[in-house]
1. Just need a number here: residues in the range 95-127 that are among the aliphatic types (A, V, I, L, M), surrounded by 19 or more Cβ atoms within 10 Å (Cβ to Cβ) and in contact (Cβ under 8 Å) with a residue 60 or more places away in the chain.
2. What residue, among those in the range 123-170 that are of a type in the set (Lys, Arg) and over 15 Å from the mean Cα position of the chain (by Cα), is farthest from Arg207 (Cα to Cα)?
3. Looking only at the range 130-143, count every residue that is at pLDDT 95 or above and among the hydrophobic types (A, V, I, L, M, F, W, C) and tell me the total.
4. Out of the strands (runs of 3 or more DSSP E) lying entirely within the range 128-210, which hold 2 or more residues that are in contact with a Leu (Cβ under 7 Å, 6 or more places away or on another chain) and crowded, with 21+ Cβ neighbours inside 10 Å?
5. In the set Ala62, Ala53, which member is buried (at least 16 other Cβ atoms within 10 Å of the Cβ), modelled with pLDDT of 95 or more and in a loop (DSSP other than H, G, I, E, B)?
6. Does Gly91 meet the test of being more than 20 Å from Phe166 (Cβ to Cβ), of a type in the set (Gly, Ala, Ser) and not in a helix (DSSP H, G or I)?
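The values are calculated or read from the model by the stated rules, or taken from the named source; none is laboratory data. Because the structure is a prediction, the values reported are computed rather than measured. Here the Cβ positions follow ideal geometry from the backbone for every residue, glycine too, while neighbour counts run over all protein chains shown.
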Amino acid sequence: MSDDPDHALRGFDVSRETRERLEILVAELRRWQQIKNLVGPETLKEVWHRHIADSLQLAALAPDARTWIDLGSGAGFPGLVLGIQAAERAGHMVHLVESNGRKCAFLRHAARATGAAVRVHDARLEDVVPSLVAGVDVVTARALAPLPQLLAWTEPLLKNGALGLFPKGEGAAAELTEAAKSLRFNAETVVSRTDPRASILRITWPRDPA
């Protein structure tokens, strides 16, 4: 697949300013990758499709969300991309939670270079989630853990009304089945726009009866 940004961004609501910020992010990722090995080398060959577009598709699933938290942000996907989009929207913010100091250094650098509306938390997610329970609209995590573990970590956020958006590969159905053995939640499976074999699990927590 040709990693053409025009093709990758087709169908997404991306302004000229946001595209310029994304181009800065890609350039900085390529530069840092030579030293820090932030993403899989093979995925860097298709960075616009595998990382940028794959991250952008989450925003369309929660268009009214103002505050996001991205767990295990790594090199910034999807959180930093969402934060770049949020830079044009007053009052929008994405919290990036990453315990790897090397990756946090990149996240801070890339945030400054792109003007992304993010806050980087160099900490374990267990130490950050409790402090943000009251103010998060969406929680996301990409390639961090199987769904049962994700739900255990994010249950306080989901119970408080946050939406969970969790990109998954071909094993999404099996993860849903396993999680449903011990937890009660609502789930919708959305086919990924960047890979028909992958999906995004849209998770909400049932409200307690009045």
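1. Residues in the range 95-127 being among the aliphatic types (A, V, I, L, M), surrounded by 19 or more Cβ atoms within 10 Å (Cβ to Cβ) and in contact (Cβ under 8 Å) with a residue 60 or more places away in the chain: 2 in total.
2. This residue is Arg124.
3. Looking only at that region, the number is 4.
4. Counting at least 2 such residues, we get 138-141, 163-168, 199-204.
5. From the options Ala62, Ala53, the qualifying one is Ala62.
6. yes
Listed here are the residues, each with its yes/no results for (1) closer than 22 Å to Thr189 by Cα; (2) touching an Asp or Glu at 6+ places or on another chain (Cβ under 8 Å); (3) assigned to a helix (DSSP H, G or I).
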{"position": "Val14", "(1), (2), (3)": "no, no, no"}
{"position": "Glu17", "(1), (2), (3)": "no, yes, yes"}
{"position": "Glu20", "(1), (2), (3)": "no, no, yes"}
{"position": "Glu23", "(1), (2), (3)": "no, no, yes"}
{"position": "Trp32", "(1), (2), (3)": "no, no, yes"}
{"position": "Ile35", "(1), (2), (3)": "no, no, yes"}
